[in-house]
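Data block below; observations after.
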Amino acid sequence: LNFYMLRFPTMKIFDETAILNDLPEGLRNEISTFLYKDMVETVPILKHISDEAKTSLCRVLRPSFHAQGIRITAEGEEPDALYIVRFGCVTLSAGGKFLCDLKQGDIFGENAILGMCEDGMRTRTAVAKSMSELCVIRAEEVKQLLIRHKSFQWAVQRMCKMH
């Protein structure tokens with residue numbers, strides 16, 4: 001029951017992505033920006049990207065909901081996306097050993113997407129420690145943001161230097 005309360009806090013059950021995809025592009029972009037701009041502002045590395053880059057990022061973010069104990073990514077998997085924690089807590093581990101707990105505004109899955117792993121596969125497992133809402137950015141969309149927005153590229157380079 002708690003999962004559904006997280007997933008549907010307003011007690012409305014609908015497929016947000018499907019609804020957005022049916023809207024005209026201008027309206028879809030405006031709504032996506034409204035839905036996600038506050039979350040983007042919580043991510044320290046993304047706070048200082050340009051407004052245009054933030055708007056583009058908001059357009060490609062997709063929600064993903066995970067109940068406590070559900071595996072989100074696994075070591076050895078081919079990466080397809082990176083994730084930003086919007087609500088909840090996610091535990092990262094490697095080789096079965098605890099690494100850290102991630103909270104609102106934290107990013108994970110970026111190492112494999114950005115080619116920072118020797119074999120190109122995921123090096124960590126992520127599991128929802130509590131009911132969690134994540135924002136997902138597909139790998140191809142990350143690449144497009146890097147190409148189109150210098151400020152996003154700068155933010156990602158800065159993030160890479162911190163690893």
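The values are calculated or read from the model by the stated rules, or taken from the named source; none is laboratory data. Note that this is a predicted model, so its numbers are computed, not measured. Cβ: placed from backbone, ideal geometry, glycine included. Neighbour counts: every protein chain shown. Ligands, DNA and RNA are stripped out before the accessible areas are found, and what is left, the full protein with its side chains, is counted by its heavy atoms. Shrake-Rupley method; radii C 1.70, N 1.55, O 1.52, S 1.80 Å.
Of the numbered conditions (1) at negative phi; (2) touching a Lys or Arg at 6+ places or on another chain (Cβ under 7 Å), Gly76 satisfies every one except a single condition; which is it?
Result: Gly76 fails condition (1) only.
For residues that are of a type in the set (Val, Ile, Thr) and over 13 Å from the mean Cα position of the chain (by Cα), scanning just region 108-163, find the one that is surrounded by the fewest Cβ atoms within 10 Å (Cβ to Cβ).
Ile147
Please find, within region 93-107, the residue that is least open to solvent (accessible area, probe 1.4 Å) out of those that are in contact with a strand residue (DSSP E or B) (Cβ under 9 Å, 6 or more places away or on another chain) and free of Cβ contacts under 8 Å to residues at least 12 places away in the same chain.
By that ranking, first place goes to Cys100.
Considering only residues that are surrounded by 18 or more Cβ atoms within 10 Å (Cβ to Cβ) and either of a type in the set (A, V, I, L, M) or under 21 Å from Thr17 (Cα atoms) (or both), which ones fall in region 60-87?
Those that are surrounded by 18 or more Cβ atoms within 10 Å (Cβ to Cβ) and either of a type in the set (A, V, I, L, M) or under 21 Å from Thr17 (Cα atoms) (or both): Leu61, Phe65, His66, Ile72, Ala81, Leu82, Tyr83, Ile84, Val85, Arg86.
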